[in-house]
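Structure first, commentary second.
The values are calculated or read from the model by the stated rules, or taken from the named source; none is laboratory data. Just so you know, these numbers come straight off a predicted model, no measurement behind them. Cβ: placed from backbone, ideal geometry, glycine included. Neighbour counts: every protein chain shown. Note: accessible area is taken over every heavy atom of the protein model, side chains too, but ligands, DNA and RNA are not part of it. Shrake-Rupley method; radii C 1.70, N 1.55, O 1.52, S 1.80 Å.
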Amino acid sequence: VQLQASGGGLVRPGGSLRLSCAVSGRTFSRYAVGWFRQAPGKEREFVAAISWTGGSTYYADSVKGRFTISRVNAKNTVYLLMNSLKPEDTAVYFCAAAQVAERLTDEARYDYWGQGTQVTVSS
């Protein structure tokens, strides 16, 4: 399984971005997918996750109400819509896939990782 994150860029505070995570492999629909981020000098942290059916979603408190995770299994793609962006959202964003949809806030539960896409929120 390979993951490719895209959609990052430079955006002003209050703006929006939509990240995409394209997943290769015939069994994409059986994986839970999560987004994590890492800011300079900080540890990687959980952002959001979605079950393989899309029926369950999970968010970090810091992004709840602003970010929305979704998936289209027919396109092997997971999206992260980020609204009302703040400077503290600046980070490299990674997507990852987990075979077992348990404790998805824990990065150790993920089996495959993408390369990351840079998001910068600045005026």
Relative contact order (%) - the chain, alpha-carbon pairs under 8 angstrom, separation at least six | 36
Quick one: order 79, 112 from most to least accessible surface, probe 1.4 Å.
-> 112, 79
GNM on the chain, C-alpha springs below 10 Å: top fluctuator among 47, 23, 72?
-> 72
Please report the Cα spread of segment 51-107 along all three principal axes, rounded to whole Å, starting with the longest.
-> 32, 24, 20
How do the peptides 86-99, 56-69 rank, highest first, by the average count of neighbouring beta carbon atoms within 10 Å per residue?
-> 86-99, 56-69
For residue 64, go through the lysines and keep the ones whose alpha-carbon is under 18 Å away, minus same-chain ones fewer than eight residues off.
-> 86
What order, most packed first, do the peptides 30-37, 15-22 have when packing is the mean number of other Cβ atoms within 10 Å of each residue?
-> 30-37, 15-22
Beta bridges by DSSP in the chain, antiparallel share as percent, to the nearest 5 = 90
Proximal charge balance of residue 51 [Cβ under 13 Å; K/R count +1, D/E count -1] = +3
For segment 1-74, what % of the accessible area comes from carbon and sulfur atoms, probe 1.4 Å?
-> 47
About the Cα centre, charge dipole magnitude for the chain (Lys/Arg +1, Asp/Glu -1 at Cβ), debye | 360
Amide H neighbours of residue 86 under 5 Å, at least 5 residues apart or on other chains, H built in the peptide plane: list them.
-> 14
